[in-house]
1. So which of PHE79, PHE129 ends up being in contact with a Pro (Cβ under 9 Å, 6 or more places away or on another chain), of a type outside the set (Val, Ile, Thr) and in the same structural domain as ARG63 (by TED's automatic domain parsing)?
2. Condition test on ALA157, is it closer than 28 Å to LEU127 by Cβ and either assigned to a helix (DSSP H, G or I) or of a type in the set (Gly, Ala, Ser) (or both)?
3. Restricting the first residue to segment 111-125 and requiring it to be in the same structural domain as ALA45 (by TED's automatic domain parsing) and farther than 10 Å from ILE91 by Cβ, which pairs with a second residue that is of a type in the set (Gly, Ala, Ser) and in a helix (DSSP H, G or I) meet a Cβ separation below 9 Å and a spacing of at least six or different chains?
4. Need pairs with beta-carbon distance below 6 Å; first residue of a type in the set (Phe, Trp, Tyr) and within segment 201-228, second surrounded by 15 or more Cβ atoms within 10 Å (Cβ to Cβ); sequence gap 6+ or separate chains.
5. For segment 77-90, state whether one or more residues are of a type in the set (Lys, Arg), touching a strand residue (DSSP E or B) at 6+ places or on another chain (Cβ under 8 Å) and modelled with pLDDT under 95.
6. So which of LYS100, LYS107 is surrounded by 12 or more Cβ atoms within 10 Å (Cβ to Cβ) and charged (D, E, K, R)?
7. Would you check which residues across segment 137-152 are on the phi > 0 side of the Ramachandran plot and in a helix (DSSP H, G or I) and list them?
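The values are calculated or read from the model by the stated rules, or taken from the named source; none is laboratory data. These numbers come from a predicted model, not from an experiment. Note that each Cβ is placed from the backbone with ideal geometry, even for glycine, and that neighbours are counted across all protein chains shown.
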Amino acid sequence: MDYEGEGLPEQPESTGGLEDYVQPQGNNCYRQPEMEGLLNSLYSARSVLVTSGEGMGKTYLVRRVWERLLADGVTCAYFEPATPKTLLTEIADMAGVDIKNLEGRSKTVEVLKQELIQWFSVNRAVLIFDDAHYLEVKFRLWLKKLKDVGVPILLAATNPPRTDLFIYVPRIELKPLAEYQIRDLMEKEAIALGSDLKPHQIAKLQSRAGGNPMLAKRAIEEGFLGIQNEAGDHGRYFDITPLLLLVGIVFICYRFIGLGTGNQSLYILAGIGGAIFLGVARLSYYLPKESRRISN
């Protein structure tokens, strides 16, 4: 757990890898609009949720927000998944709330929760939780109480459930990066690895990334190592045309069977099914290419 300090936290030395380019700082930051939106929400004492699939840069983004808050002198803390007791202890440490009572015994979890709510009700601080989907439900419900007393909370979660705290917090969903951004990242990663991959080879690998920075890095690493892997792990594109054709053929066959055998019920049902199929097939062309919903 990391919390308020002087200036920016100490940064690790650059390894030249993709992490140096996923979220470039300054005006060229690929996620600059999202970063500004998060900061505006937190400065307005509003909680916000950053959500996406794996590898889209949530952790990097929220850590940049945390660093920015520290640089602006805001009392804030960054937490990674841990047990509720550990998290409460770390929050109490940030707030200066004693975890022991007058007899020197550790306070109960409920007592500590209540004292922290009282502290936050009169003190300004921002709490940042990475991988919030791993937090226990009871702890998330307690975080909702903090939110209700005006504590700005930043959450980052991968496909969070539509329950408890996640329902009540406005969200920013990280979309796949644009093709030119992914291409730029992959070229920089190839340079960092000292790879001699040609532009046409990088272009071929790019289709495996699907706008995902993490997959873009892995594709370049596999290309550098000479690993042949044609398929990508992303689910951004899925061609259902063969399935639609198969369903249509089945309905047509049943319709002819009903006509040939004189089975009026089968003929009618196949016709209705075919009409529904055509409607669904037509509708599918207007659906978003990627899901914008939070998974259950």
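1. On the way: PHE79 fails: in contact with a Pro (Cβ under 9 Å, 6 or more places away or on another chain).
So the residue among PHE79, PHE129 that is in contact with a Pro (Cβ under 9 Å, 6 or more places away or on another chain), of a type outside the set (Val, Ile, Thr) and in the same structural domain as ARG63 (by TED's automatic domain parsing) is PHE129.
2. Details: closer than 28 Å to LEU127 by Cβ: yes; either assigned to a helix (DSSP H, G or I) or of a type in the set (Gly, Ala, Ser) (or both): yes.
Yes, satisfied.
3. That search, which allows pairs on different chains as well, returns GLU115/ALA92; GLU115/ALA95; ASN123/ALA95.
4. Going by the 6 Å Cβ cut-off, the qualifying pairs are PHE224/LEU193; PHE224/SER195.
5. Start the filter on segment 77-90 by keeping residues that are of a type in the set (Lys, Arg), which leaves 85.
This time we only want the ones that are touching a strand residue (DSSP E or B) at 6+ places or on another chain (Cβ under 8 Å), so: none.
The answer is no, given that none of the residues of segment 77-90 is of a type in the set (Lys, Arg), touching a strand residue (DSSP E or B) at 6+ places or on another chain (Cβ under 8 Å) and modelled with pLDDT under 95.
6. On the way: LYS100 fails: surrounded by 12 or more Cβ atoms within 10 Å (Cβ to Cβ).
That would be LYS107, the only listed residue that is surrounded by 12 or more Cβ atoms within 10 Å (Cβ to Cβ) and charged (D, E, K, R).
7. Looking only at segment 137-152, we keep the residues that are on the phi > 0 side of the Ramachandran plot, and these are 150.
Residues satisfying the conditions do not exist here.
Rundown of residues vs (1) assigned to a loop (DSSP other than H, G, I, E, B); (2) under 20 Å from LEU135 (Cβ atoms), yes/no style:
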| position | (1), (2) |
| --- | --- |
| GLU67 | no, no |
| VAL74 | yes, no |
| ALA77 | no, yes |
| ILE91 | no, yes |
| MET94 | no, yes |
| GLU103 | yes, no |
| GLU110 | no, yes |
